[in-house]
Every structure is written in structure tokens, then in C-alpha cells.
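Here's the structure we're looking at; comments come further down.
Any read-out appearing in this document is the output of simple, stated calculations on the displayed coordinates, not a laboratory observation. Computed from a predicted structure; not experimentally measured. Note that each Cβ is placed from the backbone with ideal geometry, even for glycine, and that neighbours are counted across all protein chains shown.
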Amino acid sequence: MDGKLAGMDIRRRNNVTVTGRADGPVLLLAHGFGCDQNMWRLVVPALAESYRVVLFDYVGSGRADPSAWDERRYSSLEGYAQDVLDVCEELDLRDVTFVGHSVSSMVGVLAAAKAPQRLSRLVMVAPSPCYIDDEEYRGGFSAEDIDELLESLESNYLGWSAAMAPVIMGNADRPELGQELTTSFCATDPDMARVFARTTFLSDSRQDLKTITVPTLILECRQDVIAPREVGAFVRDAIPGSRLVTLEATGHCPQLSAPQATLAAITDFMGAA
Amino acid sequence: MMCRTDQSAPEPGEEQDVDATDAVFTSLLEDSAEELYEQAPCGYLSTLMDGTIAKINTTLLDWLGLERSRVVGRMRFADLLTVGGKLYHETHFAPLLQMKGEVSGIAMDIKTAGKQRMPALVTSKVKTSEDGEPMLIRTTVFDARERRAYEAELLRGRKAAEEARRQAEADRIRLQEALAVLQQSLLPPELPEVPGLETGSYYHTASPDLLGGDFYDLFPVGSGRWAFFLGDVCGKGPQAAAVTSLTRHTLRAAALHDADPVTVLNTLNTVLHDRYTSGDTRYCTAIFGVLEPDDGHFGVHLASGGHPSALIQRADGSADYLPTPGGLLVGVLPQASFTAARARLLPGDTLLLYTDGLTEARTGPDRELYGDDALRAFTAAQPPAGPKALITALSGLLASFGDGLDDDTALLALGVPAALPTPGAKV
């Protein structure tokens, strides 16, 4: 298993993109559940002026190599954290600022705990360590809500996007459809997306937050169904010395809905840290 | 499509209908844009960029069972969705819309008046100002209840097909494992060590279910003597395998009682004939023999029942058949005669037994039989380097036949090493 991974071309496997100033500090941008590295497209040009920007797709998302998929590995956040570490090792990245969106924030926590010499700063964009309410903790969703999401993923993916239909119905004999899919944004194999969704929304990383020792910036949106304000405050309180910035943005993807504010917060943090 | 204004005009031509047609047209023209919007057969809404609902039509309000005053300026589009739909909206729909400016035909469930889910197909497009700034999002919502029901059927069908495929695959693996165990029981796991003798064997199975009809064995029969046999049961598959099993065990048991080759084949003939005569004749061809060590060489005494003659590769590089003409198939007649032959294996000599898969393989562009002469020539062309080297050369030959080799093939080679290692010397 290890031998096989070591022998694989990680750059190809994770569709790694490197851009920006070659001698600049390294920013590693990690997408969350639902899309791929395209999520960062509105902030990358500005970041590239000052930083060396590394982007990638987790196996199972975007244009990562689907043949590298391993359902067991990617059924836990550790599997995704290993993708991060593999990319760091392949490019020999050190002193990296890891910018993780949504569930990737928690992936970053796991990766930083394993390789603190590589990941030395964390930026969490709309993080939530646990989506399900638990006694005093308000994650924003009941266990039934999450079941409903997973069930609708199960029963509903046929219709989610017309673009997905060829994947589901099998398009081996119509390669032009596959071609279209690979060039469209955020096209994901539904089976792999289901596993990622389950791993994301059933994870509980609250205990892992305590392990963070590196400088950490938390970005939350003023209005976010998936990561409500209470969760942002919980994450800040759980990580000593962390900074919480509330962006004037709605939704779960401030890098798309408020790219300028997101950029400003990251740049400010990089200058201070 | 369903949102388009219905422009189907009345059938033209009928003189007396002209007045009626005019009346329909007039009423259509009086159908205001506002009316079309409010009562359209699909839901319409417009939202600010943050999702706040600015405008919504009556059709959608009716589906939702909500008052306009409770919705406009107070709710966001995502608030109209079920929890699953909300999460999907935030993780997929909204990012795609922000990136591409439009998203079409996405299935999400909306919450209806009676706390029911209503499957819908949602299409959104961002309206931008003249200088390209996004201003608002226009969204249409189609009722997809029936379509979703069809999709559910499709998914159910797909799941059932996948389950059936998984089951079939599991059955196939189980069957193959069982067949592999059975097949292994038909051949010795490995040939025993025989003092002063080198051995080699090879088995090629042509049938996809792994059950061939060829067999061989080598085993001691007392007083330093060793018995060997190799044969071919007619047919393939489970029935042939059952005959193979019976044949193999009969030969071993008979040899322990009396290892004389003709006697052993006679016993096998009787057993097969008695067992399979009634309408289901099963027979085999076989060579059975005994090796007797004698001062650095081996005496060979063998008999054949309808089986291709053994071939001896001599230390001097020549190769000759050991003829056993006239032996009958084993198991066909109640009494059969078998032909015996004797030979001596001197140091460097190798005795080769094979089944007709080898000599009846098809070769060349004309698909001619490989044949006895070619086998002898091939063997004579090999350096006399012992059974293992000969088997290696022959298995290479078999591989070179490709799909010209369409039968099972068994090879067994027994030889006396050219220079016996002196006691204590390194082998």
C-alpha cells in the first residue's frame, strides 16, 4: 500500500497546481465538500502576487485521479489529511500556511498535528468541527437533518445536475459526455461524493482543536447555514490565541461571495503572523 | 419550456370559426405579463445576491403555502428548501452560480404547506448591470414530482441490477474456489522427491471452469520402486473430473496391490466399465509404469491403454518414441488388451509423458496438427539437460501455440541426472 502510493505521481493524483511567486511564502489552498480547487479562483490571482500558491483536488473530487480512490481511506478525515501530507512531501513544502475551506479546516488540523514542521499556520474558512447538535454544543443540525442530507444524496443525485446523469447512467459508449464532464466545474463522481459527504457531516473534530499549537485565523460569514456564528465562536474559544474574523458575507463560501474581504483577512494575518 | 407563453393558435380554415378565433386572440392579448408571471405553470422568484427574496410568484407561494408578506424581504431562497436541499444549495448550487453566473436543472426539494417535500428542478441565472456587476438572481422552480418518481424507479432498477451482479460475482468466486480445490485434488500438489531421479511436470487447463480431464501422478510402491501414470479422460468439466478422480484413485490402489502395468490397467478398465456402462460410457487413455532403480540407472516398465507413446530424450541428444501399439481405450470394453514396453533410463536420459493436447495443437497459418514428428524433432533439438529443462522448453512451446492450443495438456518428465553428485559434494 505505502509502496504503491510512494510510486504514484502525487501531482497527477491530486491534480496539483502551483502558481504565484516562486520565492514567496507558501499558501496551500484546500477545497471542501462539494467542489474542487476552482473554489479559490476569485482569490488566487491576488494571492499569487505575493505568495507561492499551491492548489489541489482531494482524491474523489474535481480532476483528481479517480483510480486512486479507496473508499476505506477516504471514509475518515485522516485519509484526506494524508492527501495534504502527500502533496507537502511531494513538493517538499515547509513553513506552509494551510488555508482550508469548510471541512478542510479540520483536515488541516489533523495534518498540522502530524507534520508541524510543514504546516506552521492555519486559516480556517467557514469551519465547523461538528455539524450535529450535542448537549450544550450547537452545530446547527440535528442527527435527523444530517440523515436527511445523506439520504437525499442517496436518492436524489440523479437529478441534482443534468451534467451528472451520464455518470450515473454509464457513459462509456459516449465519451463526448465524459469529456464535457471533466471540463465542467465541480463535477464529481456521485459515489465518491457520497462518501465525502458522509465523512464530512458525521465527523466530530472538537477534541482535535485542542491539539492546535500553530497561529490560527478563523474566518466566518455573517450568515452561514452550514457554519453558524455560534460555531465560529466555539472554534475560537477552543483554540488558544486564535483570531476570529467575521466577514460581511452570506453563505458558506466567502472566497466566492466576498473575495475582497477574504483576501484582506488572509493578507492581514500573513503580515501579522 | 413549460414557462413559455402558450401560443397555440386555433386551427385556421374554418370560415365560421373566424369570429371565435379573434375572440381567443383578444383574450390572450389581454392576458397581462403580470398575470402570466403570477399564474405561470412554474414557480418564479428573484432574490438579492445574498439570497433574500425580493419577488415571488403566486404559483410558488401556493406550493409553499406561504403568505407573500411573510416571504418577501424576510426569507432567503435557501429557507424554502428542506435541510438536505439547504446543505446542497450551500455546498454546490450557490458556489456554482457564483462561478458560472447560471445553473440549470438542479433537483432540490422544497418544503410545502403541509410540511411535505416537493421535488423540484431549479434553474437560476444572475442578472448583471451594464458594467457587469451582479444585481440579482432570477430563479425558476419546476414541479418535478412525477419525474422524481421515474428517477426513483430507475435507481431502484439500477440498485437491483447491481445487487444481482454482486451476487453473481460472489457465486462465481465461490464456484471457482470450489473448482480450484477439486482440480487440485486431481493432481499431486507437487511431485515427491525420488532418490536418483529428477522430475518435472506441467499442467495447462483450457477450460474456463478450471476443470480439466488430464491427470498424472508419481508415488512409491515399495522395494524402492516408484509408479507413475499420466492420462486423459474423455470430455471436460465436472463429469470428466469425477471420472478423473475415480481413475486416479483406482490406479493408486491397484498399484499398491500389484504394480504390474498391464494388471493395473486391467483393474482400471474393469472399474470404469462397470461404473459407466449403463448409457453413460466414460473412458480414458493412460500410460501406467513402474521405475526400478538399478545401479545408477532406472529400469522402466510401462503399459499404455490407447495413449500416445512415451518419448525418451537420450543423453546423446537423440529422441525416440517408446512404442506401445495396439493398446485399447480404458473402460470401453469389458475385457481389453494393453501393450507393455520396457526401457532403461541411463544418466542423462529423460522419459516424457504427455497428453494429446500437445501433439494435436493447431499451428501455423493452415492450422495444421503439431504432430508426433514435430514433437520428436523439437525434443531432439533441446540440449539433454534433464526433465526440468525439457518441461520449461515444452511449456514455452505450448505458450507459443496461443489459441491453437485448445485442449488441456499435461506433461510429466522423469530423468536420471547426467552426473550423479558424489556423496557429500554440494548439489
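Numbers at a glance
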quantity	calculated
For B:Cys284, A:Cys253, order by how many other beta-carbon atoms lie within 10 Å, fewest first	B:Cys284, A:Cys253
Pairwise FRET efficiency - B:Tyr150 versus B:Glu38, Cβ, R0 = 35 Å, nearest 0.05	0.75
Other protein chain Cβ atoms within 10 Å, averaged over every residue that makes up B:93-102	6
Gyration tensor (alpha-carbon) shape descriptor, chain B, a/c threshold 1.5	prolate
Karplus 3J(HN,Hα) series, Hz, for segment B:108-115 with 6.51 cos²θ - 1.76 cosθ + 1.60 (x for Gly, Pro)	9, 9, 9, 8, 9, 3, x, 6
Relative contact order of segment A:1-99, defined on C-alpha pairs under 8 angstrom at six or more residues apart (%)	36 percent
Principal-axis tilt of helix B:372-381 within chain B, Cα atoms, nearest 10 degrees	80 degrees
B:Asp295-B:Leu48 pseudo-label distance in nm [points 7 Å out on the Cα-to-Cβ vector]	11.5 nm
Packing-based exposure ordering (other Cβ within 10 Å, fewest first) of B:Asp62, A:Asp23	A:Asp23, B:Asp62
Under the Karplus curve 6.51 cos²θ - 1.76 cosθ + 1.60, θ = phi - 60°, whole-Hz ³J(HN,Hα) for segment A:88-98, x wherever Gly or Pro sits	4, 5, 4, 8, 6, 7, 10, 6, 8, 9, 8
Segment B:188-415, relative contact order in percent, only Cα pairs under 8 angstrom and at least six apart counted	24 percent
Shape of the protein assembly as shown, Cα gyration tensor, a/c cut at 1.5	prolate
Value of relative contact order over chain B, rounded to a whole percent, pairs C-alpha under 8 Å and six or more apart	11 percent
Order of B:Asp260, B:Asp274 - criterion: other Cβ atoms within 10 Å of each residue's Cβ, fewest first	B:Asp274, B:Asp260
Segment A:17-69: chymotrypsin sites (Phe, Trp or Tyr not before Pro) falling in loop per DSSP and having at most 15 other Cβ within 10 Å	A:Trp69
Too-long pairs where the Cα-Cα distance tops 25 Å, listed order kept, from B:Lys86/B:Lys115; B:Lys159/B:Lys236; B:Lys111/B:Lys159; A:Lys114/B:Lys86; B:Lys236/B:Lys388; B:Lys55/B:Lys127	B:Lys159/B:Lys236; B:Lys111/B:Lys159; A:Lys114/B:Lys86; B:Lys236/B:Lys388
Average other protein chain Cβ within 10 Å of Cβ, residues B:382-392	0
Peptide B:70-79, shielding by other chains (average Cβ, 10 Å cutoff)	1
Size of segment B:15-143 as Cα extents on the principal axes (Å, biggest first)	60, 43, 27
Beta bridges per DSSP with both ends in segment A:60-152, % antiparallel, nearest 5	10 percent
Rounded, prolate or oblate (a/c below 1.5 giving rounded, otherwise prolate when a/b exceeds b/c) for segment B:188-415 by Cα gyration tensor	oblate
Ordering of A:221-230, A:86-95 by packing [mean C-beta count within 10 Å, highest first]	A:221-230, A:86-95
Within the protein assembly as shown, percent of DSSP bridges classed antiparallel, to nearest 5	75 percent
